[in-house]
Ligand SMILES: Cc1cc2nc3c(=O)[nH]c(=O)nc-3n(C[C@H](O)[C@H](O)[C@H](O)COP(=O)(O)O)c2cc1C
C-alpha cells in the first residue's frame, strides 16, 4: 500500500481477533515507530504477554470508572475493555519534557505502518493511568520501560474484528491556505 493510501485509510480499531501479528510484522511496526522525527530519547516496549496486557487493561478500566465525563461513560458501556482485547500493546516512553511529542510522532508512524500491513491499531492515552497509580512501578518494570522514563502513550495492534466501540469521531481539524 502506498504511504498516502495508508494515511487516508487509517482509523482506530477497537475490536481484535486473538491471533497475534507475526514477529516480522511487529519488527516492521517497531522500525516504523523508531523512524519518526525525534527531539530526544524514546523507548518502545512491545508487550505481548496476555496476562500483563490484561492487568494493564483492568487497572486502566478501574481508573476510567473512577473518573468523570467521557472516560467514565466509555468504561461504563457494557462489555467495554480499554485495550479492546488486542494481543499487542506498544508502549512509548521517554525521559524528558519533549517526551509526549517524540512518542506521539513515533506512535503515528506505527499506526500508519499497521494500516499499510493490513493490521488494525488504535492510539491510546487511557493506559497512562495504569502506570501512574500504585501498581505503576511494578508494571513499568515488567514492561521493560527504562528507569526514569514515563509512559507517554500507547498503541494497540492486531487483526481487526469488526467495528465495536467505535467512538464518535472526536477530530476537530481545519485548514487554511495563505498564498
Ligand atoms: C491524544 C489522543 C488520545 C487518545 N486516547 C484514546 C484512548 O485512550 N482510547 C481510545 O479508544 N482511543 C483513543 N484515541 C483515539 C481517538 O478516539 C480517535 O483517533 C478519534 O476518535 C478519531 O477516530 P479515528 O482514529 O478512527 O480517525 C486517542 C487519540 C488521541 C489523538
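Bear in mind that the values in this text are calculations on the coordinates, not laboratory data. Fair warning: this is a prediction, and the values are worked out from it, not measured in the lab. Positions of Cβ are generated from backbone atoms using ideal geometry, with glycine treated the same way; all protein chains shown enter the neighbour counts.
Listed values, structure above:
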item	result
Selection from the range 74-92 of residues that are within 13 Å of the ligand (Cβ to nearest atom), over 19 Å from residue 140 (Cβ atoms) and in contact with a helix residue (DSSP H, G or I) (Cβ under 9 Å, 6 or more places away or on another chain)	74, 75, 80, 81, 84, 85, 86
Conditions (1) more than 13 Å from the ligand (Cβ to nearest atom); (2) free of Cβ contacts under 8 Å to residues at least 40 places away in the same chain; number of the one not met by residue 70	(1)
Members of the range 1-37 that are away from the ligand (no atom under 16 Å from the Cβ) and assigned to a loop (DSSP other than H, G, I, E, B)	1, 2, 17, 18, 19, 20, 21, 22, 35, 37
Some residue of the range 161-177 being touching a strand residue (DSSP E or B) at 6+ places or on another chain (Cβ under 7 Å) and more than 16 Å from the ligand (Cβ to nearest atom)	no
Hits in the range 93-113 (condition: out of contact with any helix residue (DSSP H, G or I) (no Cβ under 6 Å at 6 or more places or on another chain) and surrounded by 20 or more Cβ atoms within 10 Å (Cβ to Cβ))	93, 99, 102, 103, 107, 111
Hey, residue 138 within 28 Å of residue 43 (Cβ to Cβ), assigned to a helix (DSSP H, G or I) and away from the ligand (no atom under 13 Å from the Cβ) or not	yes
Restricting the range 93-133 to residues that are away from the ligand (no atom under 14 Å from the Cβ) and part of a strand (DSSP E or B), the residue that is farthest from the chain's Cα centre (by Cα)	94
